[in-house]
Amino acid sequence: MGESAKNSANREKILAKAYKDLIYFGKVFLPNDFLHKSESPPFHHEIGKKLTSTKPGGRVCTIMPRGFAKSVLAKAAILHKICFGEAGRKEFIAWIGEEQGQAIDHLKYIKYHLEMNSAIKYYFGDLDGSAHGKKWTEKDIITAKGDRIIAKGTTQRLRGRTEIDTRYTGIVLDDFESELNTKTPARRDEIKSWVMSAIYPALEESVGREGWIWLQGTIVHYDSFLQSIYDGYRESAKNKKEYPWDVSFYRGY
């Protein structure tokens, strides 16, 4: 086998493994977060599998303490989606944090790797939208392939004038509840109402393209939205009933 053929075979082997395994994808393309730190624990592999295999309309809920890298895993999964996305099948994703500034920081990470990551450019081509005349701001980007990611804060409007006819293929609710914004019953009710009136209606509804949700965070109050999802999951499991959310609960060591 010639050198070119060997390189091509090795490339395909790497891509095939990275497609199936988010942690391997991270080690190859995001080594500062996955390779140069401590070995990924088994539950990271479990979460990674759920994120990369989320089906249209899926609801994935991950509950674990702060500092357990849930945001890093979700950002890696978004990059995985963008890199391996099917031609002509565009993603429109909202990343929602407690405050928009926090969501912008996470979007900055994704932007940086699309702009500067040489391994991603080598294996997947130039996905940097700014190099192709696409929108590329701190809170709203469109990749070279047409995938769009928006950074938002809790209770912000998701569908402004430019999104009125476009629904989200995915929404990430990342630590969107905190001790501060769940302090009073009124604020907790406001968040729950916002999820029902703004999050769910903003999702894509076409058959086979239904929008998914990744809900991840730490339970900060017994009356929080995240707690209600977990309570519903436990009640359904107790009564052996189906539940729309795939819930994983990881406690601190």
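Taken together, the values in this text are just the output of simple stated rules run on the coordinates, not laboratory data. Remember, predicted model here, so these are calculated numbers, not experimental data. We place every Cβ from the backbone using ideal geometry, glycine too, and count neighbours over all the protein chains shown.
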> When you go through (1) within 30 Å of HIS221 (Cα to Cα); (2) assigned to a loop (DSSP other than H, G, I, E, B); (3) within 19 Å of the chain's Cα centre (by Cα) one by one for VAL195, which number turns out not to apply?
Replying inline: (2)
> Looking at region 37-51, is at least one residue in contact with a His (Cβ under 9 Å, 6 or more places away or on another chain), part of a strand (DSSP E or B) and closer than 21 Å to ILE199 by Cα?
Replying inline: no
>> Going residue by residue through region 160-171, is there one that turns out to be of a type in the set (Phe, Trp, Tyr), surrounded by fewer than 21 Cβ atoms within 10 Å (Cβ to Cβ) and either under 28 Å from ALA76 (Cβ atoms) or under 21 Å from the mean Cα position of the chain (by Cα) (or both)?
In response: no
>> Give all pairs with beta carbons closer than 8 Å in which a residue from region 112-129 that is closer than 12 Å to ILE82 by Cβ meets a residue that is buried (at least 19 other Cβ atoms within 10 Å of the Cβ) and hydroxyl-bearing (Ser, Thr, Tyr); count only pairs at least 6 apart in sequence or on separate chains.
In response: LEU114/THR143; LEU127/THR143; ASP128/THR143; GLY129/THR143
> Pairs under 7 Å by beta carbon, first residue within 22 Å of GLU204 (Cβ to Cβ) in region 88-101, partner among the β-branched types (Val, Ile, Thr) and in a helix (DSSP H, G or I), six or more apart or different chains?
Replying inline: GLU91/ILE82; ILE93/ILE78
>> So SER71 passes all but one of these: (1) buried (at least 21 other Cβ atoms within 10 Å of the Cβ); (2) of a type in the set (Gly, Ala, Ser); (3) within 11 Å of the chain's Cα centre (by Cα). Which condition number does it fail?
In response: (1)
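Scanning region 200-238 for residues that are in contact with a strand residue (DSSP E or B) (Cβ under 8 Å, 6 or more places away or on another chain), of a type in the set (Gly, Ala, Ser) and not in a loop (DSSP other than H, G, I, E, B), which turns out surrounded by the fewest Cβ atoms within 10 Å (Cβ to Cβ)? It would help to see each step written out before you state the result.
Going residue by residue through region 200-238, those that are in contact with a strand residue (DSSP E or B) (Cβ under 8 Å, 6 or more places away or on another chain) are 202-204, 210-219, 226, 229-230, 233.
Going one step further and asking which of them are of a type in the set (Gly, Ala, Ser), we end up with 202, 211, 217.
Within this subset, residues satisfying the condition of being not in a loop (DSSP other than H, G, I, E, B) are 202, 217.
On the way: ALA202: 18, GLY217: 23.
Only one residue fits best here, namely ALA202.
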